[in-house]
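Computed from the coordinates by the stated procedures, all read-outs in this text should not be read as laboratory data. Bear in mind that the values here come from a model prediction, so they are computed numbers and not experimental data. Ideal geometry is used to build each Cβ from the backbone, glycine not excepted, and the neighbour counts take in all protein chains shown.
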Amino acid sequence: MLRYTLQRIVYMLITMFIIATLTFFLMKLLPGSPLKSQDKLTPEQITIINEKYGLNDPLPVQYVHYLGNLAKGDLGSSFQYDNRPVTELIGNRIGASAQLGFQALILGSIVGLILGIIAAIRHNTIFDYGATVLAVLGISIPSFVFAGFMQYILGVKLQLLPVALWEGFSYTIMPTIALSGFVIANISRFMRTELLEVMGSDYIMLAKAKGMSGTGIIIKHALRNALIPVITIIGPLAVNIMTGSLVIEQIFAIPGLGEQFVKSISMNDYTVIMGTTIFYSALFIFIIFVVDILYGVIDPRIRVAGGKK
Amino acid sequence: MEKVLEVKDLHVSFDTYGGVVKAVRGVNFDLKKGETLAIVGESGSGKSVTSKALMRLIPNPPGRIAKGEILFDGRDLAKLSEKEMQKIRGKDIAMIFQDPMTSLNPTMKIGSQIMEGLIKHQNLSKSTAKERALELLRLVGIPQPEVRINQYPHQFSGGMRQRVVVAVALSCNPKVLIADEPTTALDVTIQAQILELMKDLQNKIDTSIIFITHDLGVVANVADRVAVMYGGQIVEMGTVDEIFYDPRHPYTWGLLASMPSLDTSVQTELAAIPGTPPDLMNPPKGDAFAPRSSYALEIDFEHEPPMFQISDTHFAKTWLLHENAPAVEPPKAVVEKRRTMPSNFAKPRLAEEVVL
Ligand SMILES: Nc1ncnc2c1ncn2[C@@H]1O[C@H](COP(=O)(O)OP(=O)(O)OP(=O)(O)O)[C@@H](O)[C@H]1O
Ligand code: SF4
Ligand SMILES: [Mg+2]
């Protein structure tokens, strides 16, 4: 397991490096400049500013400089927000986003797993069909439609929950539910399929032939095996939550990273865009890393040395 | 000899969208203490369905035991509740499946998979169950059991895994062991080892075995009696000698003729039985084998033959044994090996009301 973990860490660093490089060069290809929007600057001033930010240096020099700063954890400073460091900008905003994303992932996984398990155990019954309908709704209704719907019913009509803003736990409920819908739908579908497949496998038949009871078989034999493939989709779902939160944060006026990211894009704020991109990528790579480790924990064929692929 | 299991007129059906598949259609047999009964027959003849029905492991829906009795220990297993069946499975009747690569749980340690049944049926504590699991691993010939017990299935070879499955099956000293093609997925040398192991253990714990196989060569080595299945029915049954040296059913002739023989130096031609198995959704009117039988009589397409009895132990379901039937010549491979059986009746009689 230790070897496996170290190996994953190395992979994680390599991926990080590649993404940082790609981000850098893609940004350089983008047309426009953060300075163009302020037309009041004279050409001399622009030259001075370019000099100050090192934008006149040859590309390789800029690249090395950028990588060096990155390694130190320095993402540069914003062109727009009074020169404040990007890390500070991200730091101020990350709390709300992280809480929202985390809550949505946890809620989505738990509800999704439960629905999937029920659908599989009671397959071809009313429970199964009910779960299918929920899943279809969850996949096909965009989260912002769902969010607007909830705001209207729960917020405006019934006045059960605050319509927007971010001032306490009750404010997090609607955006969390809106973001988790897609996760619930996907995990429940996946879990149902996998569990049904596992329940039809030879080793479940052998467990039955040993005289194990139905629930015992599901808990001791089926769930763990069904979970292995389900873990794979956590990565993509995390991405879905990240992108989904860009919209959801706008709708609920949540002071999160997504909202700031959207603004910085419209203002061509290079360093903030790059910094946030790098940050999102790092987060994603970290999630993949956690998923890989989870794999190892659950599946002995990965964890135990001497295993065949 | 004492009977441990008695199957009477067993019918198993599957309700599918296309219609009802009658996979097992009136199977009768019994199993005596300590004996090995082989069930042979081509793919789809209902061997696995029969054996799963005995343990009530037919998935329902779509499957169900439509009719019949499975008498074990004075009880009819066909009528027991799921809860009561769970007390019998693994304890009194155990099963070994065909593919050792898929029949062990990949995420559970070998030891736990063996101990599970012991803890459930014999109320052993964890530590006693572990002792017993070690003992079982030793018994089935797995080296270094102390190390192996904590390993996972992927760390074992196919043959070793099947040994583990045998250990699981024998853990509670079952009265009946059902082995559904336990060696088919293994290569020949390993096959022989596993068969040897099973025979050995059978002597030690005095289990009766139902041994399902495609391979008549294996049958000769392990079985006391043989039941030949065709289209969901037993068409011939007898002792190993009776089936090998005095077969009476044309389907059995076909099976024997298509078996590569090791003992004859003359290379007899391998004759696969022509035609396809019957449609179990609409079984033919007369004998299910008639469309494929080169010996078929007119009556065969009209009426199903009854079971005839050739000796106390030998039964065959074919009109050829009727006193008015014309004499026919079996395939050369069968005739060459034919011997007269001293215990045969003077002539075949109708096996009415026989409890086989
Ligand atoms: N779940 C099911 N649904 C419908 N039909 C089934 C089902 N399971 C088995 N059958 C049918 O029952 C018949 C007998 O199958 P069975 O598995 O017993 O054959 P077998 O003799 O064991 O063959 P093999 O040697 O290939 O293992 C087959 O025709 C099959 O189509
Ligand atoms: S009953 Fe007729 S068709 Fe059936 S096996 Fe005998 S001879 Fe052939
Ligand atoms: Mg089979």
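With every atom except the alpha carbons ignored, what do you get for Rg and Dmax of segment A:64-182, in angstroms?
Rg then Dmax for segment A:64-182, in Å: 20.1, 62.
What is the local net charge at A:GLY95, summed over the other residues whose Cβ is closer than 14 Å to its Cβ (Lys, Arg +1; Asp, Glu -1)?
The answer is -3.
With each pseudo-label sitting 7 Å past Cα toward Cβ, what's the B:TYR245-A:VAL156 distance in nm, one decimal?
Roughly 9.5 nm, to one decimal.
How far is it, in nm, from the label point at B:ILE299 to the one at A:ARG3 when both lie 7 Å from their Cα along the line to the Cβ?
That separation, rounded to one decimal, is 7.3 nm.
What residues have an amide H closer than 5 Å to that of B:LYS67, excluding those fewer than 5 places away on the same chain, when H is modeled at 1.01 Å from N in the peptide plane?
For B:LYS67, the qualifying residues are B:HIS11.
Looking only at Cα atoms, what is the convex hull volume of segment B:45-105 per residue, in Å³?
Given the Cα convex hull of segment B:45-105, per-residue volume reads 119 Å³.
In debye, nearest 20, what is the charge dipole magnitude of the protein assembly as shown about its Cα centre with +1 on Lys and Arg Cβ and -1 on Asp and Glu Cβ, if you could check?
1580
How much net charge surrounds A:ILE285 when only other residues with a Cβ under 13 Å from its Cβ are counted (Lys, Arg +1; Asp, Glu -1)?
0
Note down the magnitude of the dipole of segment B:3-223 about its Cα centre, charges +1 on Lys and Arg C-beta and -1 on Asp and Glu C-beta and zero elsewhere, to the nearest 20 debye.
600
Take the Cα radius of gyration of segment B:227-350 and divide it by 2.2 N^0.38 Å, with N its residue count; two decimals is plenty.
It is 1.04.
Would you grab the residues whose amide H sits under 5 Å from the one on B:ALA38? Only those 5+ places off in sequence or on another chain, please, with H modelled 1.01 Å from N.
B:PHE211, B:ASP224, B:ARG225, B:VAL226, B:ALA227
If you wrap the protein assembly as shown's Cα atoms in a convex hull and average its projection over all directions, what's the area in nm²?
41.3
Order the peptides A:81-89, B:161-169, A:208-216 from the highest to the lowest mean number of other Cβ atoms within 10 Å of their residues.
Per-residue mean Cβ counts within 10 Å order the peptides as B:161-169, A:208-216, A:81-89.
Name the residue from B:PRO145, A:TYR63, B:ALA333 whose Cα lies farthest towards the positive end of the charge dipole of the protein assembly as shown, charges +1 on Cβ of Lys and Arg and -1 on Cβ of Asp and Glu.
A:TYR63
Once Lys and Arg get +1 and Asp and Glu get -1 on their Cβ, which of B:HIS322, B:GLN122, B:PRO291 lies farthest toward the positive end of the dipole of chain B?
Working it through, the farthest residue towards the positive pole turns out to be B:GLN122.
Can you check what the net charge comes to around B:LEU186, using other residues whose Cβ is under 14 Å from the Cβ of B:LEU186 (Lys, Arg +1; Asp, Glu -1)?
Taking every Cβ under 14 Å from that of B:LEU186, the sum is -4.
Take B:SER43 and A:PHE102, extend 7 Å from each Cα along the Cα→Cβ direction, and tell me the distance between the two endpoints in nm.
5.5
Shielding by partners for B:114-121, please: the mean number of other protein chain Cβ atoms within 10 Å of each residue's Cβ.
Rounded to a whole number, the mean comes out at 3.
Could you tell me the calculated FRET efficiency between A:VAL163 and A:SER140, based on Cβ-Cβ distance and R0 = 25 angstrom, to the nearest 0.05?
0.50
On average, how much area does the Cα convex hull of segment A:120-213 cover when viewed from any direction, in nm²?
The Cα convex hull of segment A:120-213, projected and averaged over all directions, gives 8.4 nm².
Enter the per residue convex hull volume of segment B:114-198, computed from alpha-carbon coordinates, in Å³ rounded to the nearest integer.
Per residue, the Cα convex hull of segment B:114-198 comes to 94 Å³.
Which of B:PRO278, B:PRO61, B:PRO153 moves the most in a Gaussian network model of chain B with Cα springs under 10 Å?
Largest GNM mean-square fluctuation: B:PRO61.
State log₁₀ I(q)/I(0) for chain A at q = 0.07, 0.13, 0.14, 0.15 Å⁻¹ as given by the Debye formula over alpha-carbon point scatterers of equal weight, solvent excluded.
After summing over all Cα pairs, the log10 values are -0.39, -1.05, -1.14, -1.21.
Sorting check: for A:5-14, B:141-150, B:108-117, A:174-183, which peptide has the highest mean count of neighbouring beta carbons within 10 Å, and how do the rest follow?
A:174-183, B:108-117, B:141-150, A:5-14
Provide the convex hull volume over Cα atoms per residue for segment B:65-140, in Å³.
140
Under the Karplus relation 6.51 cos²θ - 1.76 cosθ + 1.60, θ = phi - 60°, what is the ordered set of whole-Hz ³J(HN,Hα) values for segment A:2-18, x standing for Gly and Pro?
In residue order, the calculated couplings are 5, 4, 4, 5, 4, 4, 4, 5, 4, 4, 4, 5, 4, 4, 4, 4, 4 Hz.
Kindly provide log₁₀ I(q)/I(0) values, in the same order as q = 0.16, 0.19 Å⁻¹, from the Debye equation applied to equal alpha-carbon scatterers of segment A:96-256.
-0.87, -1.08
When the chain is fully extended, how far beyond the present Cα-Cα distance does A:ILE110 get from A:ILE265, taking 0.36 nm per residue of separation?
Gain on stretching A:ILE110 to A:ILE265: 52.4 nm.
For segment B:139-152, in order, what is each residue's ³J(HN,Hα) by Karplus, 6.51 cos²θ - 1.76 cosθ + 1.60 with θ = phi - 60°, in whole Hz (x at glycine and Pro)?
4, 8, x, 9, x, 6, x, 4, 7, 4, 4, 9, 9, 9
Tell me the Kirkwood hydrodynamic radius of segment B:3-223 in angstroms, computed as one over the mean inverse distance between distinct C-alpha pairs.
That comes to 18.0 Å for segment B:3-223.
I'd like the GluC sites (Glu not before Pro) in segment B:1-98 restricted to DSSP loop residues with at most 13 other Cβ atoms within 10 Å, sorted by number.
Loop-located and lightly packed - B:GLU2.
Order these peptides, B:324-332, A:275-283, B:235-243, by their mean beta-carbon neighbour count within 10 angstrom, highest first.
Going from most to least packed, we get B:235-243, A:275-283, B:324-332.
Could you give the longest part of chain B that holds none of the chymotrypsin sites (Phe, Trp or Tyr not before Pro) found in DSSP loops with at most 15 neighbouring Cβ atoms within 10 Å?
Longest run free of exposed loop sites: B:18-344.
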